[in-house]
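Peer 1: One structure coming up, written as structure tokens, with questions to follow.
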Amino acid sequence: MTKWQKNAAYTLALYALAVVVLRFSSGEGWGAALLIALVVTPLALWMGRLRRRMNEQAAEWGRRRVRPWPEERRR
């Protein structure tokens, strides 16, 4: 699968999961669950990208750190 196909499949799976969870957890109708999932899905994807980006930046910052970490200085 290409990258965009994986992203599309992941987005559709997340949307379907959100619809089912909202439908059966809150007792709302299918229409309300579908509409709420339209808001929840992009938000969840954005939060995942933000988390990945922050982890990558933290790893880069850790690699560029010149001074030793405090626990390494005590040794």
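The values are calculated or read from the model by the stated rules, or taken from the named source; none is laboratory data. All figures in this text were calculated on a predicted structure; none of them were measured in a lab. Every residue, glycine as well, gets a Cβ built from its backbone with ideal geometry; the counts of neighbours run over all protein chains shown. For accessibility, only protein heavy atoms count, side chains too; no ligands or nucleic acids. Shrake-Rupley method; radii C 1.70, N 1.55, O 1.52, S 1.80 Å.
Peer 1: Could you list the square roots of 5 times each eigenvalue of the Cα gyration tensor of the chain, that is, the equivalent ellipsoid semi-axes, sorted largest first and rounded to whole Å?
Peer 2: 40, 16, 9
Peer 1: Name all residues of segment 39-58 having a backbone nitrogen under 11 Å from the label point set 7 Å from the Cα of Leu17 along its Cα→Cβ direction, giving them as ranges.
Peer 2: 45
Peer 1: Calculate for the chain the 222 nm mean residue ellipticity that helices alone would give, adding -39,500 (n - 2.57) per DSSP H run of length 4 or more and normalising by residue count, nearest 500 deg cm²/dmol. Write down the numbers at each step before the final one.
Peer 2: Values: 3 runs with 63 residues, N = 75.
It lands at -29000 deg cm²/dmol.
Peer 1: What percent do you get for the relative contact order of the chain when only Cα pairs under 8 Å and 6+ apart count?
Peer 2: Reported relative contact order: 23 percent.
Peer 1: Just the number please: accessible area per residue for the chain, 1.4 Å probe, all protein chains included, in Å².
Peer 2: Roughly 87 Å² per residue, with all protein chains present.
Peer 1: Roughly speaking, to the nearest percent, how much of the chain's 1.4 Å accessible area is carbon and sulfur?
Peer 2: So the carbon and sulfur contribution to the accessible surface is 63 percent.
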